[in-house]
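The values are calculated or read from the model by the stated rules, or taken from the named source; none is laboratory data. Computed from a prediction, not measured in an experiment: that's the story for all the values here. So basically every Cβ, Gly included, is an ideal-geometry build from the backbone, and we count neighbours across all protein chains shown.
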Amino acid sequence: MTPLILGLAGMALTDEERGFFGEVDPAGFILFKRNISDRAQVKALTDEIRSIAGRTDVPILIDQEGGRVARMQPPEWPAFPAGRAFDALYDIAPMSAIEAARANAQALALMLREAGVNVDCLPLLDVRQPGAHDIIGDRALGTEPLRVAALGRAVIEGLKAGGAVGVVKHMPGHGRALSDSHIELPVVEASADELETDLAPFMTLNRAPMAMTAHVVYTAWDEDQCASLSAKVIGDIIRGRIGYDNLLMSDDLGMQALKGSFTDRAAGVIAAGCDIALHCSGDMDEMQACAKGVTTISPRARERLDAAMATIAGGANDVSFADLVAKRDTLLALGG
């Protein structure tokens, strides 16, 4: 197995993809809107992915947050609210907001599991800051670390109850970025003391099964490299200060915050301390280049991967999707 999570080009695997994935044996896969049409198509695709991987528990990821970040969309699947809905309810009724976030996440997980998806890149633990770029914006769970952690914990618990692993992101915090890392490299010049606010939710939830790094430079910690490529940030801050010792993946290697060849990008995030490099586009040339930058997954990374997937080995709790959505909507209505 190689320390890669890879995307797919379309709604069905090509012969070239079957051969490449069989040879490279990536740790997992990720789906996007280009891979998704309807229930039957997605289930057939995820079934084939599992067959090629030879692992029933192979991670199949998706960014299904709700709001503007949703790969599975109406009319085939229902829309879900963005993080701000739970943040707004928390102003009025904190416990109701927590329960709504938990029910929402459990419903999300049930929907994903029906399609064969078992990992959701959620929750965001980024603490929203005034004046920051809107790339986080309404996706965030709030501006207060305690609130973000409380709602984030509920999301992780809800996903697990529904049979999906959650991925906390974007460690060690994207909430201050003044630009979109999909387009350019954000540089955060806050002091180490100021950044304690950003770290706080990740420290509270440092036992989350999976986490994703941020392609953001934090000058207080490393002026030269973004977190995903910084041994200082990963070693001293993520593994050290935050105390995170579970599976750590990079954000997408295809984002324009990163420079250089895809071989160098994949090698760089692994060398910096990420367990797994994430590549999302499904472009075969890029994936082949990434594969040249890595070797076999490390024993510790494989142990972390297996432990993360084992958290959902028991399957989903026996609660109906409709009941969970009704509970969420009733609670959210308290917020007006």
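Looking at the stretch 265-273, can you tell me whether even one residue there is over 23 Å from E17 (Cβ atoms), out of contact with any His (no Cβ under 9 Å at 6 or more places or on another chain) and surrounded by fewer than 18 Cβ atoms within 10 Å (Cβ to Cβ)? Even if it seems obvious, please write down each step before you answer.
To start, the set of residues in the stretch 265-273 that are over 23 Å from E17 (Cβ atoms) comprises 268, 271-273.
Retained after the next criterion (residues that are out of contact with any His (no Cβ under 9 Å at 6 or more places or on another chain)): 268, 271-273.
Add one more test, that the residue is surrounded by fewer than 18 Cβ atoms within 10 Å (Cβ to Cβ), and what stays is 271.
Looking for residues that are over 23 Å from E17 (Cβ atoms), out of contact with any His (no Cβ under 9 Å at 6 or more places or on another chain) and surrounded by fewer than 18 Cβ atoms within 10 Å (Cβ to Cβ), one finds at least one in the stretch 265-273, hence yes.
Would you confirm, using the coordinates I've provided, whether P186 is touching a residue at least 12 places away in the same chain (Cβ under 8 Å), farther than 14 Å from I242 by Cα and surrounded by 21 or more Cβ atoms within 10 Å (Cβ to Cβ)?
Values: touching a residue at least 12 places away in the same chain (Cβ under 8 Å): yes; farther than 14 Å from I242 by Cα: yes; surrounded by 21 or more Cβ atoms within 10 Å (Cβ to Cβ): yes.
It is true that P186 is touching a residue at least 12 places away in the same chain (Cβ under 8 Å), farther than 14 Å from I242 by Cα and surrounded by 21 or more Cβ atoms within 10 Å (Cβ to Cβ).
Quick test for you: out of C290, C274, pick the one residue that is within 16 Å of P26 (Cα to Cα) and assigned to a loop (DSSP other than H, G, I, E, B).
Working: C290 fails: assigned to a loop (DSSP other than H, G, I, E, B).
Being within 16 Å of P26 (Cα to Cα) and assigned to a loop (DSSP other than H, G, I, E, B) holds for just one of C290, C274, which is C274.
Can you report the number of residues in the stretch 103-156 which are charged (D, E, K, R), in a helix (DSSP H, G or I) and under 17 Å from the mean Cα position of the chain (by Cα)?
Initial filter on the stretch 103-156 (charged (D, E, K, R)): 113-114, 120, 126, 128, 134, 138-139, 144, 147, 153.
In the following step, the residues that additionally are in a helix (DSSP H, G or I) were identified as 113-114, 138-139, 147, 153.
So of that shortlist, the ones also under 17 Å from the mean Cα position of the chain (by Cα) come out as 113, 138-139, 153.
Within the stretch 103-156, residues that are charged (D, E, K, R), in a helix (DSSP H, G or I) and under 17 Å from the mean Cα position of the chain (by Cα) number 4.
Looking at P81, P75, can you tell me which residue is farther than 19 Å from S281 by Cα, touching a residue at least 40 places away in the same chain (Cβ under 8 Å) and not aliphatic (A, V, I, L, M)?
Numbers: P75 fails: touching a residue at least 40 places away in the same chain (Cβ under 8 Å).
Checking each option against the conditions leaves just P81.
Can you tell me which condition A308 does not meet? The list is (1) in contact with a Pro (Cβ under 6 Å, 6 or more places away or on another chain); (2) assigned to a helix (DSSP H, G or I); (3) more than 20 Å from A208 (Cα to Cα), and all the others hold.
(3)
Determine whether G282 is out of contact with any Pro (no Cβ under 9 Å at 6 or more places or on another chain), modelled with pLDDT of 95 or more and of a type in the set (G, A, S).
In short, yes.
Which residues, taken from the stretch 146-176, are buried (at least 21 other Cβ atoms within 10 Å of the Cβ) and farther than 20 Å from A103 by Cβ?
Residues satisfying the conditions are K169, H170, M171, P172, G173, H174, G175, R176.
Please determine whether any residue of the stretch 143-159 is under 21 Å from I276 (Cα atoms) and not polar (S, T, N, Q). Write out each step before concluding.
Here is the first cut: in the stretch 143-159, the ones under 21 Å from I276 (Cα atoms) are 156.
So of that shortlist, the ones also not polar (S, T, N, Q) come out as 156.
Yes - at least one qualifying residue is present in the stretch 143-159.
Taking the residues in the stretch 230-256 that are touching a strand residue (DSSP E or B) at 6+ places or on another chain (Cβ under 9 Å) and within 14 Å of S181 (Cα to Cα) as candidates, determine which candidate is surrounded by the most Cβ atoms within 10 Å (Cβ to Cβ). Let's see the steps before the verdict.
Going residue by residue through the stretch 230-256, those that are touching a strand residue (DSSP E or B) at 6+ places or on another chain (Cβ under 9 Å) are 230, 233-234, 237-239, 242, 244, 246-254.
Next cut, within 14 Å of S181 (Cα to Cα) only: 250-254.
Working: S250: 30, D251: 28, D252: 23, L253: 25, G254: 18.
So the residue we want is S250.
Could you please tell me which pairs satisfy a Cβ distance under 7 Å, a separation of 6+ or placement on different chains, a first residue in the stretch 317-334 that is assigned to a helix (DSSP H, G or I), and a second residue that is loosely packed, with under 12 Cβ neighbours inside 10 Å?
Every condition considered, the pairs that remain are L334/I92.
Find the residue count for the stretch 279-305, including only residues that are touching a residue at least 40 places away in the same chain (Cβ under 8 Å) and not aliphatic (A, V, I, L, M). Walk me through it before giving the result.
Residues of the stretch 279-305 touching a residue at least 40 places away in the same chain (Cβ under 8 Å): 279-284, 287-288, 290-291, 294-298, 301-302, 304-305.
Okay, now just the ones that are also not aliphatic (A, V, I, L, M), so 279-283, 288, 290, 295-296, 298, 302, 304.
Matching residues across the stretch 279-305 total 12.
Just to check your reading of the model, which residue among D198, D180, D193 is assigned to a helix (DSSP H, G or I) and more than 24 Å from N246 (Cβ to Cβ)?
Working: D198 fails: more than 24 Å from N246 (Cβ to Cβ); D180 fails: assigned to a helix (DSSP H, G or I).
So the residue among D198, D180, D193 that is assigned to a helix (DSSP H, G or I) and more than 24 Å from N246 (Cβ to Cβ) is D193.
Yes/no per residue for (1) aliphatic (A, V, I, L, M); (2) surrounded by fewer than 20 Cβ atoms within 10 Å (Cβ to Cβ); (3) touching a strand residue (DSSP E or B) at 6+ places or on another chain (Cβ under 9 Å); (4) in a loop (DSSP other than H, G, I, E, B):
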| position | (1), (2), (3), (4) |
| --- | --- |
| D47 | no, yes, no, no |
| S51 | no, yes, no, no |
| V58 | yes, no, yes, yes |
| E65 | no, no, yes, no |
| Q73 | no, yes, no, yes |
| R84 | no, yes, no, no |
